[in-house]
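Contents: one structure, followed by commentary.
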Amino acid sequence: MTTKNERPLYRLTFSRITGKDKDGQDILSRPREIGAAWARKGDKKGAILNLDLIPTDLVNRNGVLFLVPVDAADAEDAA
């Protein structure tokens with residue numbers, strides 16, 4: 001359980017690949033937040049991913065995951 005002042009290190013978002021542009025680059029949909037990465041307790045290194053949902057396009061390799069850092073302004077918006 002988290003306390004009120006804890007916040008994740010990163011927000012995890014997913015964007016589906018919707019097509020290709022004229023240069024052959026992927027066109028991505030608007031990113032959707034699907035989870036967060038939380039710091040491990042104590043002196044353990046790394047983070048723990050907490051997924052709220054798993055997009056089916058992720059399984060099919062038809063999208064991109066983004067880790068977006070959480071800053072103090074994000075934390076205030078979420079409260």
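Using Stokes-Einstein with the Kirkwood hydrodynamic radius over Cα pairs, what translational diffusion coefficient do you get for the range 1-56 at 4 °C and a viscosity of 1.567 mPa s, in µm²/s rounded to a whole number?
Details: Rh = 13.6 Å.
For these conditions, the coefficient is 96 µm²/s.
Report ³J(HN,Hα) in whole Hz for each residue of the range 14-24, in order, from the Karplus equation J = 6.51 cos²θ - 1.76 cosθ + 1.60 where θ = phi - 60°; Gly and Pro get x.
Coupling constants for the range 14-24: 10, 10, 7, 7, 9, x, 10, 8, 5, 9, x Hz.
What list of ³J(HN,Hα) couplings, whole Hz, do you get for the range 53-60 from phi and the Karplus terms 6.51, -1.76, 1.60, once you set θ to phi - 60° and write x for glycine and proline?
7, 10, x, 5, 5, 5, 4, 7
All of the numbers you see were taken from the coordinates with simple rules; none came from a lab. Just so it is clear, the structure is predicted and the values come from calculations on it, not from any experiment.
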